[in-house]
1. Quantify how strongly other chains surround peptide C:338-350 by giving the mean number of their Cβ atoms within 10 Å of each of its Cβ atoms.
2. For chain C, what size does the Cα cloud have along each of its three principal axes, sorted from largest down, in whole Å?
3. Nearest 10 degrees is fine. How inclined is helix A:394-408 to the longest principal axis of chain A, computing both from alpha carbons?
4. For the range A:43-180, take every pair of Cα atoms, bin their distances at 10 Å starting from 0, and report each bin as a whole percent.
5. When you look at the Cβ of every residue in B:61-68, what mean number of other chain Cβ atoms sits within 10 Å?
6. How do the peptides A:113-120, C:638-645, A:288-295 rank, highest first, by the average count of neighbouring beta carbon atoms within 10 Å per residue?
7. Using amide H atoms built 1.01 Å from N in the peptide plane, name the residues 5+ places from C:Thr697, or on other chains, whose amide H lies under 5 Å from its own.
8. Give the whole-number value, in cubic angstrom per residue, of the convex hull volume spanned by the C-alpha atoms of chain A.
Amino acid sequence: MNIGRRHVQTLLSGLAVSALCGGLFAAWYVYEPALDRISRPERSAFDMGTVKKGEQLATVGDCIVCHTAGNGPPFAGSRPLPTPFGTLYSTNITPDERTGIGNWSQEAFARALKQGVSRDGSHLYPALPYEHFTHVTDDDIRSLYAFLMTRQAVVADVPENKLLPGLGFRPLLAGWKMLFLHRGGFAPLAGKTEAWNRGKYLVDGLAHCGGCHTPRNIAGGEKRGSEFAGGLAEGWIAPPLDRSNPSAGRWTEASLFAYLKNADNGSHGIAGGPMGPVAEGLSKLDDADVSAIALYIASVMGREGATPDDGPAIDNAQSASTKHPEGADLFRGACAACHEPGSAMSQQGRLPLSALTSVRMADPANAASAVMMGIPAPSGGGNLMPSFSSAMSESQVADLLQYVRARFTNGSPWKDTEGAASSARPEDER
Amino acid sequence: MTSYLNVNGRQHAVEADPATPLLYVLRGELGLNGAKYGCGLGQCGACTVMVDGKAVFSCLMPVRALAGRAITTIEGLGDVTTPNPVQQAFQEVQAAQCGYCIAGMIMRAQSLLETNAAPSDEEIRVHMQPNLCRCGTHSRILRAVRSASDKLSLKGSPAGTK
Amino acid sequence: MTIDPLLSRRSFLASGGIVVAFALAGPALGQLAGGGEGSAGPPVLNPSLPGSLKSSPYLDSWIQIDPEGRATVFTGKAELGQGIRTALMQVAAEELDLPPRSVTLVTVDTSRTPDEGLTAGSHSMQDSGAAIRNAAANVRMHLERSAAKMLGVAVDAVVTQGDGTITARDGRSVSYAEIAASLSLHVEAIADAPRRQAGDFRTMGTNVPRLDIPAKTTGGAAFIQDMRLPGMLHARVVRGPSEGTRLLLPPEAEIRAMPGLFKFVRNGNFQAVLAEREWDAIGLMRALQASPFELARDPFPTGAVGETLKGLPSRDIRIVDVHQPAGQPVKRLSSRFSRPWLSHGSIGPSCALAMFDHDLLTIWTHSQGTFDVRRVAADLLGMSIEKIRAIHVEGSGCYGQNGADDVAAEAALLALQVPGRPVRLQWMREQEFGWEPLGPGMITELSAGIDANNRIVEWRHEVWSNPHNNRPVNAGGVLVGNEVSPPFPIPEGKPIPMPEGDGSRNSNPLYDLPNMDVVYHFVKDMPIRVSALRSLGAHLNVFSIESMFDELADAAGQDPLAFRLAHMADERARQVMRSASGAFGWKDRKKTGQFHGFGMGFARYKNLGAHCAVFLEVAVNQDTGRISVRRAAASVDCGEPVSPDGIANQVEGAIIQSLSWCTREAVTNTGTLRTSFDWSEYPIMRFLDVPESIEVTVEKQSGQPFLGVAECGQGPASAALANAVADATGVRFRDMPLSPERVRAAIVTL
Ligand code: FES
Ligand code: FES
């Protein structure tokens, strides 16, 4: 999968800036002591309730997604994060003592999560979203620790990060943290319901939604004051979760709940790109927590208590095919089997393309990504949508996208659809 | 509208709606049987053919997108008297029950072996993952691909077409 | 509770032998061709003959020898991808003592071959194999007699040579070709024509490459989907998304004006479009299917399968009622098992061709019941049956009754509308998923007790199921029959009596238990359209029995294999368990960690078909719930093996398909729709999840009658999986599918 190209790029260029600042102002800040190794705690050291709670929290945090490689064992790390500056590999967080975190104390674990410092005192890359985890309560960290320490220990060495010379110098990270790591616990907002506060706690903390849905500044930190204004993730645009979401009118608490819990619902398309695994993870989360998240996001979108406001489906079939005859042909041959009225999907009540955020957004990136990379069904289910990267050239995909945009929206034509198609081409086919 | 298609090394002029998926042109206009209709949704691989060396779902491949591209179907690999190495391996292993999925399987395997004559077992499984078989012939299909690959990599030649 | 004494086993259990008793089924076998599904087979004319010879005793209806000395052999069975064409050819070649290339096999065709009922229920080798073997032995006997006469020697002084010649001791020989001209085969078979002996076999028992594979691997015309007739029109039916829905179409004048349309056909609620090109037919179908639809039947049940079935009235049928003195139970266990509604999921959606020309209707079909296709068409169209010919052509694997029968009747109706033009009708993927009859959802409740010596002394098994036997035998059995005006009523489902059974199939344990109560709660009202799916009720019944055996073995602190052997008298059953366990290395199995385990399952299909034991090694992932089957070893005893590799191929496939059913499959629906309409909503097993190795041992049972093999693995494989997962996780899963979500939820915090 195409991981965080743009995201990591800004993040790493930020490292250079922070190197300077860090170097100048914070030499004292760099040093963190190693914490003692412990022998791996027995299963009996943890009670079932704590482990169960930790399981739910790990589900919120989606730890398994980043810490599992392709078809590799869960939590054993080695998932590559390729960037223009080199490749980062996620770590093994199974309780193996040599290659995992088996000899980490709870204190070391908490320090890593909340301060981005490894047990041995080295600084961790902010690919681990400690800027969010820093808000997590100690009690929750304890549960998470219990859950991870009771996983199957997997002996799996993780490859060395392959970064360009200079960028692999971890003390630089200390400077970055000084600028962007805003420590501090979570304070519930008075006047808001318990569920809302629970939702905010989860969203801002473990779920780290802002990691993708908040824009980043030049130095790769999340922009303060622009929370949830939309960001980037793995080549996809993470749409804004605030009022500027192009489909805001379609979302309600109920539809957000359904989207997060089941990856699809009657009022929006399915979760695609990196959101797919997130929704798959959330399907395992207790309904109460999913609805708390939905409630909070709905309030950020200004849709708290709102009823759906779908507007009529848009279908300018005639004019679109006059404007884009090639795109129209490609659509009839390649897309109609699912997306035309009368298709199997439409008969099942799936929404027309005019309902999808990816089609309504001003940037064609997500639509292009869906066409070029396809959308996998949740684990093992094959494709929801196949990839067309071998079937069509970039210019053909560009025509197709223009047709889709013209037919299913009244918005202005997309710019540079060919460029969008080309940057959405899967990494291994470039 | 006339579309010009290069199928198995031969040029064909086809009178068809340019939106027509390749599958229906191969079967209906060119009389080829190999590519099969299974789902028409890009989910089963029964219709797999190769375009410019890559495995594609012909059921979602409008002929309009095919001008100037090289299309290979199972008929282009070999025939009953001279099967190509992949077809031969499937025959030797008796890798078919009903066989409906098999032409698509062979084409997907061919596309792998043309770029990687000696894949690992894991690479074979991952590559074959898009194609479905309901009869449960998987273990024989894997054996057939393995055996074709072993023979090809011994000979050091890429998986040949006719 | 009303009890139907359909079968009282008490009488023959008293004689001590279940196997012997089932052999008594004699005269019923003709009627049970195809496992008792479909219409009754043809009348039995000579009950002393083996297999389908009972109903078609004349040799020339099975075998003809042409002037070149080559044989044409006729079977009323169909190639379904199970390799029967090759196996039957081998049987014929062996007993005729001809090389395989001199034998041509003609599969079921109503105007050429005998009616052997359905190709189903693992009956083909039993019915047709036995018939062809005997007929061929008869023909060889006649050839030898003629040769002896021509050479002027005694009949025991001539021998066939395997190449179509017969030689006398003095070296003179005569060929089949020379005899053929004067030999009439319009004679009745005798039961005891001398058969060739195992030691002399040239073809049977060897791995003759399957005849159909070369075409299937090179793009030959191998399937009905590949048939192209001159002037052929392409048809698509126009329907709502799933069974019971009705489209509200635009006015007919509007439809008739659609570009690309050759003809629009409507009869009651049945609608179809015909076009010169397939792509046009699809486009027209889609345009019309964009119309709104309504549900024209009762809403579908959305609760758990047990809730649904138990909420419907049932008729109770006593299957086994055995009571013998036994020890006192010291431990009792009760468990409930279920499986959901399953799809056949053929990779190629159903297809049929039909042509009405000069008053004759020809239907090409891949249905398992070619003769029934003809009956259904005659009923539907009000035609005389003599005017209809149905020919079997291979389709994609069907595994029971999928849409094949429906689409054949639809094509026939359409052909009548365009005399002289052949019509090819293929269903779309979503039509197959939405409208085919499903494999019924089922539940069982078992309870059992063991005594102080770890012997099972009590056994109770109750099973709730819809009929699995809704094979169409008249127009009411196919969709179009219910849609035309006036509609034909849907026939009432009926149970198949034991020993074959349907929901009750294999509910009678083969084990030696002194006390057994088995009751079939036959639920006739079908909330979802259902019919036969490979192995019928045996899948859940064997799953339940074999799970229960492991639960009891565990309670008794015994090894699962040893516990089974201690309760099994049948020597062939013991043998497959022993040989599979040996190949698997059961005795030396060693768990390498938590969530790693081993399990076995056994059954003799219907207690009168093939014996099959399956052993599995699994690893279960605690965090994903994914079950990886590391390896499988199976042993199968299907009597005299004709094509050992073909048998192994079938069993390998059965294991993988059964594992797919058991670990991920369930048809989903709302109150109005079946929602599993594509492969993302109905995932089946793919390459990354199939066992890393499968080893199948085929028992050599020289001289034993043929037993069908196709369905014997379904029950044992699913049972072995549940047992291995229980061994690996300590958690017993009793509801299929053992999906990653369910497994994970149960074990993630262990
Ligand atoms: S028919 Fe093309 S993928 Fe299924
Ligand atoms: S062999 Fe029948 S679908 Fe693969």
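1. Numbers: counts 0, 0, 0, 0, 0, 1, 1, 3, 5, 18, 10, 4, 0.
Taking all residues of C:338-350 together, the mean is 3.
2. Over chain C, Cα extents along the principal axes are 81, 74, 49 Å.
3. Tilt of helix A:394-408: around 70 degrees.
4. Histogram of Cα-Cα distances, whole percents per bin: 12, 42, 36, 9, 1.
5. Numbers: counts 7, 13, 2, 12, 13, 2, 0, 0.
Shielding by partners across B:61-68 averages 6.
6. Working: A:113-120: 19.8, C:638-645: 23.8, A:288-295: 21.6.
So the order, starting with the most tightly packed, is C:638-645, A:288-295, A:113-120.
7. Under 5 Å from the amide H of C:Thr697: C:Ala634, C:Ser635, C:Val636.
8. Working: hull volume 62.3 nm³, N = 430.
Normalising the Cα hull of chain A by residue number yields 145 Å³.
The values are calculated or read from the model by the stated rules, or taken from the named source; none is laboratory data. These numbers were taken from a predicted model, which means no experiment stands behind them. Neighbour counts are summed over all protein chains in view; Cβ atoms, including those assigned to glycine, are modelled from backbone coordinates with ideal geometry. Keep in mind that these areas ignore ligands, DNA and RNA; they rest on the heavy atoms of the full protein, side chains included. Shrake-Rupley method; radii C 1.70, N 1.55, O 1.52, S 1.80 Å.
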